[in-house]
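The values are calculated or read from the model by the stated rules, or taken from the named source; none is laboratory data. A quick note: this is a predicted structure, and the numbers were derived from the prediction, not measured. No Cβ is skipped: glycine too gets one built from the backbone with ideal geometry, and neighbour counts run over all protein chains shown.
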Amino acid sequence: MSAKKPLYDKIFFARQPILMSDQSVWGYELLFRNSDEATSAEISDSYKATLKVAAALCAAPGEKLPDNVKLMVNFSHKAIMDKIPYSLPAGRTVVQLPETTPPTPNLINALQELTNDGYEIALDDFEARPQGEFLIAYADAVIVDILSADETKLQHICDLSKKHGTKLIAKRVEKPAQFHLAQKLGFNFFQGYYFKRPENIRGRKLRSGEIVKLKILKLIEDSSPDFAALAEDLQNDVSISFRLLTLLNSPTFGFSQKITSIKQALVLAGWKMLRNWLRVILLTDLTPEGKSRILPQLATQRAKFLQLVAIRSEKGLAPDSMFLLGLFSLLEAMFDISMEELTSYLPLEDEINAALRGEDNIYTRYLELTMFFETGDWDNLQLVLDELGLDPVQISKSYYESTRWANSFFQIPGTS
């Protein structure tokens with residue numbers, strides 16, 4: 001009997017954050033795609049297994065999924081009847097189904113059973129169609145495409161939702177005006193590119209503290225860094241010192257002796273590893289107040305993902321450069337400053353800076369790769385994989401490992 005193939009060649013999975021009005025994380029929508037090669041039985045088995053794997057990604061290794069983090073997954077009529085939602089934990093799972101799903105008596109019974117067992121129900125692409133107006137009585141939330149609906153339609157949906165006591169989730173929030181409209185109408189949760197893109201603020205400039213941290217980033221990118229000068233600069237920044245020492249003394253590293261100084265950290269941790277963690281700490285510390293903390297975590301995951309892709313694909317790309325490409329890819333959204341201005345401070349190669357500014361080159365394809373993965377745009381993802389000649393198995397594995405790596409950093413006290 002041949003060995004069972006790994007999970008990654010049967011399915012892709014990704015996650016998209018769903019935020020509250022203060023931009024803190026309410027939950028994640030888990031996105032899946034089964035491969036064309038899998039048989040019906042394998043699809044079912046892979047789907048159940050991957051649900052469990054993806055659910056685990058929302059917590060750091062060895063930790064339970066936080067009780068306040070919801071998992072929202074789209075299920076077909078058949079998947080619900082086959083009880084596949086029970087692969088995920090009750091109490092934190094939102095069973096998502098299209099509003100157009102036929103409300104058969106068997107489906108209604110299955111939804112009631114799920115509700116009784118602690119699962120929540122959400123109707124996706126809700127437009128208050130006749131079947132939607134029937135199904136909303138059995139739902140806890142409705143998901144509305146705010147990009148395609150006018151205000152009159154949205155008001156009708158909100159009135160209907162209020163009548164039935166359902167939560168409102170706005171998806172495809174892409175502009176500040178859409179976010180503010182959704183807030184005004186009483187939407188509870190939000191999802192979309194708005195949270196990765198800046199709302200332009202006229203006259204916004206980098207503060208002196210931000211410039212200092214960007215200068216430290218340049219210093220650690222020096223091919224022959226002055227470790228004494230670096231240690232002195234880092235020790236003069238209380239926030240960075242605290243974050244770094246908290247991290248290095250955590251169980252993630254497991255050093256036998258307590259690390260009490262930056263100089264000691266440079267010796268014991270090793271420069272190559274420490275440099276990546278310093279990059280992440282600096283980026284997190286740079287994120288302005290009021291910005292979603294999901295942005296530095298997403299940037300960190302992108303960084304590790306692209307680094308692993310570079311290592312495993314053997315395409316001649318420098319892993320460290322790819323790490324920085326991902327790490328800095330969301331700076332514009334964090335600072336509300338154009339990437340054209342920001343790249344003047346960044347210690348990057350010209351082509352990577354160009355890709356960050358939106359110019360088209362090979363690095364742009366890799367940025368697209370990350371974005372298609374994050375949004376579950378599987379068709380375009382496949383096109384980019386084909387264009388770059390990348391192995392889907394290795395790419396999926398790299399995404400999984402990068403998520404765990406980023407979680408291991410941001411779940412540590414003092415780093416969030």
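State whether the residues of segment 66-76 include one that is in a loop (DSSP other than H, G, I, E, B), aliphatic (A, V, I, L, M) and at pLDDT below 90.
yes
Note down all Cβ pairs under 7 Å where the first residue falls in segment 115-142 and is at positive phi, the second is not small (G, A, S), and they're at least six residues apart or on different chains.
Short answer, once both residue conditions are applied: D125/P98; D125/E99; D125/I143; D125/D145; A128/H156; A128/I157; A128/L160.
Would you mind telling me which numbered condition in (1) at pLDDT 90 or above; (2) surrounded by fewer than 22 Cβ atoms within 10 Å (Cβ to Cβ); (3) closer than 29 Å to L247 by Cα R302 fails?
Looking at each condition in turn, R302 falls short on (2).
List the helices (runs of 4 or more DSSP H) that sit entirely inside segment 320-402 and contain at least 3 residues that are aliphatic (A, V, I, L, M) and under 19 Å from the mean Cα position of the chain (by Cα).
Correct list: 331-335, 362-375.
Given the structure, is A406 crowded, with 21+ Cβ neighbours inside 10 Å, hydrophobic (A, V, I, L, M, F, W, C) and closer than 18 Å to T300 by Cβ?
yes
Where residues in segment 104-127 are more than 29 Å from the chain's Cα centre (by Cα) and surrounded by fewer than 17 Cβ atoms within 10 Å (Cβ to Cβ), which of them is farthest from I80 (Cα to Cα)?
It comes out as N116.
What number of residues within segment 79-102 satisfy the criterion of being within 22 Å of L168 (Cα to Cα) and assigned to a loop (DSSP other than H, G, I, E, B)?
Of the residues in segment 79-102, 7 are within 22 Å of L168 (Cα to Cα) and assigned to a loop (DSSP other than H, G, I, E, B).
Just to check your reading of the model, which residue among L381, L331, L325 is buried (at least 20 other Cβ atoms within 10 Å of the Cβ), more than 20 Å from R279 (Cα to Cα) and either of a type outside the set (S, T, Y) or touching a helix residue (DSSP H, G or I) at 6+ places or on another chain (Cβ under 6 Å) (or both)?
Only one candidate passes the filter, namely L381.
What's the number of the condition A354 fails, among (1) crowded, with 16+ Cβ neighbours inside 10 Å; (2) more than 13 Å from F328 (Cα to Cα)?
A354 satisfies every listed condition except (2).
Pull up segment 244-281, narrow it to residues that are touching a residue at least 24 places away in the same chain (Cβ under 8 Å) and small (G, A, S), then point me to the one that is surrounded by the most Cβ atoms within 10 Å (Cβ to Cβ).
The qualifying residue surrounded by the most Cβ atoms within 10 Å (Cβ to Cβ) is S250.
Condition first: surrounded by 21 or more Cβ atoms within 10 Å (Cβ to Cβ), of a type outside the set (A, V, I, L, M) and in contact with an Asp or Glu (Cβ under 7 Å, 6 or more places away or on another chain). Can you find one or more residues in segment 362-372 that meet it?
Yes, segment 362-372 has at least one match.
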